[in-house]
Each structure stands twice: as C-alpha cells, then as structure tokens.
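FYI, it's all coordinate maths here, none of it is from the lab. None of the values given here were measured: they were computed from a predicted structure. Glycine also receives a Cβ, built like all others from the backbone with ideal geometry; neighbour counts cover every protein chain displayed.
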Amino acid sequence: MINKINNLRRFFRLPYPRAAQPPLTVDKDTAYRVLEISELGILLAKKSESPLQVGETLSGNILFHDHHSEEIEGEVYRLDARGVIVRLSRGISSKYMIKEQIYVKNTFPVFFRYTVQENFKATK
C-alpha cells in the first residue's frame with residue numbers, strides 16, 4: 001500500500017500508442033517523438049543523432065493530431081531506459097490534456113486496457 005501511495009502523481013500522464021505519438025519540433029532540423037505528456041512534463045524518445053543531457057534547456061512546439069500546436073519550454077530532468085524526461089516551465093494546458101486523453105481513448109480503445117494491465121502487474 002505504501003508503494004502505491006508513493007507512486008501517486010500530481011498530474012495525470014498520458015501515454016501515446018506508437019501510431020499517435022506527436023512530434024516535438026525544436027528547430028527546423030530536430031524533432032523528437034513524444035511518448036507521454038502531462039501539464040508539466042513530457043517523455044521524449046531518445047535520438048542518437050541529437051542526444052540531450054540532464055540540465056539542458058529545451059523549447060519547441062508539439063504538433064498534435066488535430067494540427068493544434070502547444071509551445072513548451074523546460075529542462076531535461078532525467079534520462080532513463082524509457083527516454084528523456086523533461087520538466088516543463090511552460091507546459092500543456094489542462095484543457096488540451098483532456099482533449100488529447102479523449103482522442104487517444106476513443107481512437108485506440110484497446111491501448112489503455114493493455115497499458116493499465118502492464119502497470120498494475122508492475123506494482124504487485
């Protein structure tokens with residue numbers, strides 16, 4: 001029980017299925033795949049040709065499925081096996097987070113079922 005309490009997050013994190021991962025464009029030549037979003041953080045796929053370092057500042061635009069763009073700014077907080085975690089100082093609006101959650105849930109209904117099952121197994 002204590003482990004589950006320690007694992008609670010302040011903000012909901014929305015993971016994306018591979019087919020729906022939006023790009024984060026940092027400059028005209030550099031884009032990263034966004035694996036997860038929250039209001040104040042994102043998880044990016046690592047890129048060997050343009051690696052990011054802890055403490056590095058990052059700003060750019062995330063282009064979503066409906067062509068809506070959110071400008072973000074932040075700092076690389078951690079690197080782990082999943083990717084690059086960026087803590088945002090300028091993040092994604094709550095309103096748009098809900099809109100994206102509805103989009104992923106309606107477009108990929110099976111995705112959440114398997115994601116929840118995998119996460120539940122990991123906490124046991």
* Karplus (6.51, -1.76, 1.60) ³J(HN,Hα), θ = phi - 60°, over the stretch 60-66, in Hz, Gly and Pro reported as x -> x, 10, 9, 9, 8, 4, 8
* On full extension of the chain, what length is gained from D27 through I102, given 0.36 nm per residue of separation minus the C-alpha to C-alpha distance? -> 24.1 nm
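Test of understanding: what is the full-extension gain from E36 to H65, defined as 0.36 nm times their sequence separation minus their Cα-Cα distance? Could you put the intermediate results ahead of the total?
Numbers: separation 29, 0.36 × 29 = 10.44 nm, distance 1.43 nm.
Roughly 9.0 nm would be gained on extension.
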* **Formal net charge of residues neighbouring Q21 (Cβ-Cβ distance under 10 Å; K, R +1; D, E -1)** => +1
* From the phi of every residue in the stretch 68-73, what ³J(HN,Hα) in whole Hz does the Karplus formula 6.51 cos²θ - 1.76 cosθ + 1.60 yield, where θ is phi - 60° and glycine or proline is x? -> 6, 10, 10, 7, 10, 9
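Would you please give the FRET efficiency between A20 and S48, computed as 1/(1 + (r/R0)^6) with r the Cβ-Cβ distance and R0 = 25 Å, to the nearest 0.05? Can you show the working numbers first?
Working: r = 23 Å, r/R0 = 0.93.
So, using R0 = 25 Å, E works out to roughly 0.60.
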* To do: Can you tell me the order of 62-69, 35-42, 90-97 when each peptide is scored by its average per-residue count of other Cβ atoms within 10 angstrom, highest first?
  => 35-42, 90-97, 62-69
* Paramagnetic label zone (point 7 Å from Cα along Cα-to-C-beta, E73; backbone N under 16 Å) in the stretch 29-56 -> 40-41, 56
* Asked: Cβ under 15 Å from H68's Cβ, H68 left aside: what net charge do those residues give with Lys, Arg +1 and Asp, Glu -1?
  -> -2
